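S.K.: Take a look at this one; I'll ask things after.
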Amino acid sequence: MSRRKVGFWYRFAAVLCKPPLVVLFKRDWRGMENIPAEGGFITVVNHNSHVDPVAYAHFQYNTGRVPRFLAKHALFRKGFVGAAMRGTGQIPVYRESTDALSAFRAAIGAVERGECVAFYPEGTLTRDPDQWPMIGKTGAARVALATGCPVVPVAQWGANLLLPPYASKPDLWPRKTHQVLAGPPVDLSRFHDREPTPELLKEATEVIMAAITEQLELLRGEKAPHTRYDPRHVRVEQRRRTAAEHIDHDIEGGK
């Protein structure tokens, strides 16, 4: 595959990041043949460690098709990190603002220019107790249906063994293996030429999350739970239980 549109900043980042990644991880990378050689496309990736964006970028850099990640806009503001984020063509996300949709417009533009945009459709590190993919957000589905581009599901495992979700210290020994499996493009044809209602986008997103989960099952050699972890549902249940406990406490106190 041709290394097209890599540019100075991506090559510079590779020079800085690849040596420590090679030291930290053994590699078990599969499915590179499913990364399109030409044209715009999306990869959708599970997220289970603060280290995995860099580890996954290493995998995709080696395919010759560098990813453009959606990242918090604060990272673009100042200093070396900001210059690197801008120079490598990452896409700022302005959350909780009227500019929130600008990230999706930028992602659509990048795909239409023949770039790859990498989505973490969960939107954050997984909160599933066993680190399976959670309920996804609809951004990747929106861009995919707006452009008609291929959507490649990617599962990764191993960065989370070095630095588990929400952990503060890495576990450096023994040396971990970063496993990546890129599957064939997700079939979203039944959603094309239809109005992108919230219900349709939710359904398409679940098809995407199921494809990522299927790849992760192959990597882990085990089956995911039948019910996908939903952080909103868990928060609602926690609030309900807390309210019930307060009521019980008040009743006990009134005796």
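The values are calculated or read from the model by the stated rules, or taken from the named source; none is laboratory data. Bear in mind that the values here come from a model prediction, so they are computed numbers and not experimental data. In this analysis, Cβ positions are derived from the backbone assuming ideal geometry, glycine residues included, and neighbour counts consider all displayed protein chains. Just the protein is used for accessible areas: all its heavy atoms, side chains included, with ligands, DNA and RNA removed. Shrake-Rupley method; radii C 1.70, N 1.55, O 1.52, S 1.80 Å.
S.K.: Choose one answer from E115, E217, E206: the residue with the largest mean-square fluctuation in a GNM of the chain with alpha-carbon springs under 10 Å.
M.R.: E217
S.K.: Taking amide hydrogens as modeled 1.01 Å from N in the peptide plane, which residues meet the under 5 Å criterion relative to F119, leaving out close sequence neighbours?
M.R.: Amide H to amide H, under 5 Å and 5 or more residues apart or across chains, F119 pairs with T43, V44, V45.
S.K.: Among P53, P225, P184, which one shows the highest mean-square fluctuation when the chain is modelled as a Gaussian network with alpha-carbon springs under 10 Å?
M.R.: Sorting by GNM fluctuation, first place goes to P225.
S.K.: Label points 7 Å out from Cα along the Cβ direction at E33 and E199: separation in nm?
M.R.: 4.1 nm
S.K.: If you don't mind, there's one more thing I want to ask. Give me, ordered by chain and number, the residues 5 or more places off A71 or on other chains with an amide H under 5 Å from its own placed amide H.
M.R.: I91, V93
S.K.: Continuing with this model, one more query. Quick one: which residues, 5 or more positions from H50 or on another chain, have an amide H under 5 Å from its amide H? H modelled 1.01 Å from N in the peptide plane, none for Pro or chain starts.
M.R.: Y166
S.K.: Provide the per-residue ³J(HN,Hα) series for the range 16-29, in order, calculated from phi with Karplus coefficients 6.51, -1.76, 1.60 and θ = phi - 60°, each as a whole number of Hz, with x at glycine and proline positions.
M.R.: Values per residue, Gly and Pro as x: 6, 8, 5, x, x, 5, 5, 6, 6, 10, 7, 10, 9, 10 Hz.
S.K.: Considering only protein heavy atoms, what is the solvent-accessible area of S168 at a probe of 1.4 Å, reported in Å² to the nearest 10?
M.R.: The accessible area of S168 comes to roughly 110 Å².
S.K.: Right, here's the next one. Quick one: longest stretch of the chain between exposed loop chymotrypsin sites (Phe, Trp or Tyr not before Pro), exposed meaning at most 16 other C-beta atoms within 10 Å and loop per DSSP? Intermediate values should be presented prior to the final figure.
M.R.: Details: sites that count: Y94, Y166.
Counting at most 16 other Cβ atoms within 10 Å as exposed, the longest clean stretch of the chain is 1-93.
S.K.: Under 20 °C and 1.002 mPa s, how fast does the chain diffuse according to Stokes-Einstein, given a Kirkwood radius computed over C-alpha pairs? Answer in µm²/s, whole number.
M.R.: On the way: Rh = 19.5 Å.
D, rounded to a whole number, is 110 µm²/s.
S.K.: Are there trypsin sites (Lys or Arg not before Pro) in the range 31-96 that DSSP puts in a loop and that have at most 15 other Cβ atoms within 10 Å, and which ones?
M.R.: R77, K78, R95
S.K.: In degrees from 0 to 90, rounded to the nearest 10, what is the angle of the helix 102-112 Cα long axis to the longest principal axis of the chain?
M.R.: Taking the Cα atoms of the chain, the angle to 102-112 is about 40 degrees.
S.K.: Over all directions, the average projected area of the alpha-carbon convex hull for the range 110-167 comes to how many nm²?
M.R.: On the way: hull surface 18.7 nm².
So the mean shadow area of the Cα hull is 4.7 nm².
S.K.: What percent do you get for the relative contact order of the chain when only Cα pairs under 8 Å and 6+ apart count? Provide the component values of the computation, followed by the final result.
M.R.: Working: 396 pairs, mean separation 64.3, N = 255.
Dividing the mean separation by the residue count of the chain yields 25 percent.
S.K.: Separate question: Just to confirm the number: angle between the C-alpha axis of helix 52-61 and the first principal axis of the chain, 0 to 90 degrees, nearest 10?
M.R.: The answer is roughly 30 degrees.
S.K.: Next up: With springs only between Cα atoms under 10 Å apart, run a GNM on the chain and tell me which of A13, A155, A144 wobbles the most.
M.R.: Sorting by GNM fluctuation, first place goes to A13.
S.K.: Dividing the alpha-carbon radius of gyration of the range 54-143 by 2.2 N^0.38 Å (N being the number of residues), what value is obtained?
M.R.: Working: Rg = 13.7 Å, N = 90, 2.2 N^0.38 = 12.2 Å.
That works out to 1.13 for the range 54-143.
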